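The structure under discussion appears below in the form of structure tokens.
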Amino acid sequence: MAATTQEQIPRETEVVVIGAGIAGTMTAYFLAKRGVPVVLCEKGRVAGEQSSRNWGWVRKQGRDPAELPAIIESLRVWPGLEAELEADVGWHQSGVTYLAQSDKDLESFESWLEHARPYQLDSRILSPAETDELLGQEQRQWKGALFTPSDGRAEPALAVPAMARAAERLGVTVLTDCAVRTLETTGGRVTGVVTERGAIACRAVVCAAGAWTSLFNRNLGVDLPQLKVKASVQRTKPAPLVTETAVSSGDAAFRRRQDGGYTIARSSAYAFDIVPDALRYFRSFLPILKMSWKDSKLRFSGAFFRELADGRGWGPDQVSPFERTRVLDPEPDHQVLDDTLATLGRRFPQLAGVEVAERWAGMIETTPDALPVMGAVGGIEGYYVMTGFSGHGFGMGPGAGLLMSELILDGKARVDLHPFRLERFTDGSKIEPYSVL
Ligand SMILES: Cc1cc2nc3c(=O)[nH]c(=O)nc-3n(C[C@H](O)[C@H](O)[C@H](O)COP(=O)(O)OP(=O)(O)OC[C@H]3O[C@@H](n4cnc5c(N)ncnc54)[C@H](O)[C@@H]3O)c2cc1C
């Protein structure tokens, strides 16, 4: 297993990456591939949070058009990853399918296809007969589907640990149980980080701290609007093959797993804690909240007071919130998961009665426009943020890592990162979430 909880931590390096999710790990990997010394600091374990808890879909389909160039790059990386990492990551380029239950669904698929046309993707609308053929069905229960054969799936539990091991082989020092508390700066320039196990001098820092990024930045005086929502998932024991493609049928989605079971969940069934950030960023998030209001559950909980206390800030010598919660591991919503399973059983009789092997939940972090933040932070030279993947960063992770490594080393990436700049939230830009498919 990669990732050592070393007694001795390096005292200096070139780049420190905060967070060993897929984004941080792949950034470290691509930096090291170009010969740059890197220390990757993780407060808990490699991929302990979102990056091991996701559905494993790797898709261009349905993305905000602003993200298409970056995800196209990511999908150039994925097919070669197993050879590059010398490990099984469960990659299958078996397509992604969204089923249409109504003419309105088909219209939204058509509208997305219009946006995607300039990129000449292989996405297309399937007729009801073609949809049935794909699913091995005959009853014409679907109006059609949006299908992208070149999209794929991978096994999150395999993928990111394999990435971390490969990064280590390239010389990256991976430190687990090692929270970064804050940055050290001199004259507006990054000179290092302070971790719970001591300081590490460096010339650049990438904050890829997932759901913790906003909090880390607020302590530095940098505002980054971000909220967390809980999403629940289940995996089944091996079951008959319906299709190799990942399928969304509106309120119930499934994808075949390499172990012969399925990962099953309901998209947009989110539980949302009313926490201080929800009040702080309420206006910024109103448009996106309205879009997913229908299936979301709002609640007050102990999280409000915990996050209120965390938000008061801390110094480099004080225990930080990152050390107090090593791994965000929320309780899954069994009612939503039972209902999703029953829905799928009705629509796909092969899945009726399938046995559940495990359930879990993850905290998804999102920005007001559901687009990531990837770029330099103004006012702190040498400091970069990559976060806000808003529920679709697993597919984007390898590409995001490649692009960030280019930004840091070459001053610009092969894809224009302007849409992902942090300043869009403060420079008067119109923040409009794309109606997420
Ligand atoms: C239920 C669910 C389903 C999803 N399904 C999909 C999907 O099918 N396809 C897809 O593309 N995406 C999906 N996603 C989204 C995807 O998982 C995330 O966008 C992606 O994993 C984000 O990666 P990350 O590296 O940015 O963050 P994370 O994986 O959250 O990693 C951040 C890491 O930073 C660490 N950290 C935080 N603060 C500090 C600190 N101060 N010091 C040290 N370490 C720190 C954390 O412990 C964590 O390990 C899903 C997410 C969930 C929860």
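The values are calculated or read from the model by the stated rules, or taken from the named source; none is laboratory data. All figures in this text were calculated on a predicted structure; none of them were measured in a lab. For neighbour counting, all protein chains shown are included, and Cβ atoms are generated from backbone atoms with ideal geometry for every residue, glycine included. Each accessible area value is taken on the protein alone, full model and side chains, heavy atoms only, with ligands, DNA and RNA left out. Shrake-Rupley method; radii C 1.70, N 1.55, O 1.52, S 1.80 Å.
The combined condition, being within 11 Å of the ligand (Cβ to nearest atom), in contact (Cβ under 8 Å) with a residue 12 or more places away in the chain and assigned to a loop (DSSP other than H, G, I, E, B), is not fulfilled by V89.
If you go through the stretch 310-338, how many residues are open to solvent by less than 70 Å² (accessible area, probe 1.4 Å) and more than 13 Å from the ligand (Cβ to nearest atom)? Step through it out loud before you land on a result.
Step one: of the stretch 310-338, the residues open to solvent by less than 70 Å² (accessible area, probe 1.4 Å) are 310-311, 313-316, 320-323, 325, 327-328, 330, 332-333, 336-337.
Those still in the list that are more than 13 Å from the ligand (Cβ to nearest atom) too: 311, 313, 315.
Number satisfying all stated conditions: 3.
So which of V190, V247, V242, V229 is touching a residue at least 12 places away in the same chain (Cβ under 8 Å), within 14 Å of the ligand (Cβ to nearest atom) and under 30 Å from L85 (Cβ atoms)? On inspection, the qualifying residue turns out to be V247.
Being surrounded by fewer than 23 Cβ atoms within 10 Å (Cβ to Cβ), away from the ligand (no atom under 13 Å from the Cβ) and small (G, A, S) narrows it down to one of A361, A342, so name that one. If you could, list the steps in order and put the result at the bottom.
Working: A361 fails: away from the ligand (no atom under 13 Å from the Cβ).
Residue meeting the stated conditions: A342.
When M291 is tested against (1) away from the ligand (no atom under 16 Å from the Cβ); (2) within 21 Å of the chain's Cα centre (by Cα); (3) modelled with pLDDT of 80 or more; (4) open to solvent by 30 Å² or more (accessible area, probe 1.4 Å), exactly one condition is not met: (3).
Residue count for the stretch 193-223 under the criterion of being more than 13 Å from the ligand (Cβ to nearest atom) and either part of a loop (DSSP other than H, G, I, E, B) or open to solvent by 50 Å² or more (accessible area, probe 1.4 Å) (or both): the result is 5. Considered as a group, the residues in the stretch 256-284 that are within 21 Å of the chain's Cα centre (by Cα) and of a type in the set (G, A, S) include one that is nearest to M363 (Cα to Cα), and that residue is A271. Scanning the stretch 109-119 for residues that are closer than 27 Å to R140 by Cβ and open to solvent by 40 Å² or more (accessible area, probe 1.4 Å) gives E110, S111, E114.
Go through (1) small (G, A, S); (2) free of Cβ contacts under 8 Å to residues at least 12 places away in the same chain; (3) more than 21 Å from D64 (Cα to Cα) one by one and return the number of the condition G428 breaks. Result: G428 fails condition (3) only.
A376 falls short on exactly one of the conditions (1) open to solvent by 10 Å² or more (accessible area, probe 1.4 Å); (2) over 26 Å from the mean Cα position of the chain (by Cα), and that condition is (2).
Among the aliphatic types (A, V, I, L, M) and free of Cβ contacts under 8 Å to residues at least 12 places away in the same chain: does that describe A83?
Details: among the aliphatic types (A, V, I, L, M): yes; free of Cβ contacts under 8 Å to residues at least 12 places away in the same chain: yes.
Judged against the criteria, A83 is a match.
Could you say whether any residue in the stretch 93-102 is open to solvent by less than 10 Å² (accessible area, probe 1.4 Å), part of a loop (DSSP other than H, G, I, E, B) and in contact with a Ser or Thr (Cβ under 8 Å, 6 or more places away or on another chain)? So that I can check it myself, show each step before the final result.
If we filter the stretch 93-102 for residues that are open to solvent by less than 10 Å² (accessible area, probe 1.4 Å), which is where we start, we get 95-97, 99-100.
If we keep only those that are part of a loop (DSSP other than H, G, I, E, B) as well, we get 95.
Subsequent filtering for residues that are in contact with a Ser or Thr (Cβ under 8 Å, 6 or more places away or on another chain) retains 95.
Yes: the stretch 93-102 contains one or more residues that are open to solvent by less than 10 Å² (accessible area, probe 1.4 Å), part of a loop (DSSP other than H, G, I, E, B) and in contact with a Ser or Thr (Cβ under 8 Å, 6 or more places away or on another chain).
Would you pick out the residues in the stretch 263-278 that are in a loop (DSSP other than H, G, I, E, B), of a type in the set (V, I, T) and within 15 Å of the ligand (Cβ to nearest atom)? Of everything in the stretch 263-278, nothing turns out to be in a loop (DSSP other than H, G, I, E, B), of a type in the set (V, I, T) and within 15 Å of the ligand (Cβ to nearest atom).
On the stretch given as the stretch 150-179, residues that are touching a residue at least 60 places away in the same chain (Cβ under 8 Å) and either under 21 Å from R257 (Cα atoms) or open to solvent by 20 Å² or more (accessible area, probe 1.4 Å) (or both) total 20. Among the residues of the stretch 407-421, those that are in contact (Cβ under 8 Å) with a residue 12 or more places away in the chain and farther than 19 Å from I364 by Cα comprise L407, I408, L409, R414, V415, D416, L417, P419, R421.
Looking at R326, R359, R346, just one residue is more than 16 Å from the chain's Cα centre (by Cα) and in a loop (DSSP other than H, G, I, E, B), and that residue is R326.
Of the residues making up the stretch 34-58, those that are buried (at least 22 other Cβ atoms within 10 Å of the Cβ) and either more than 7 Å from the ligand (Cβ to nearest atom) or farther than 24 Å from T148 by Cβ (or both) number 10.
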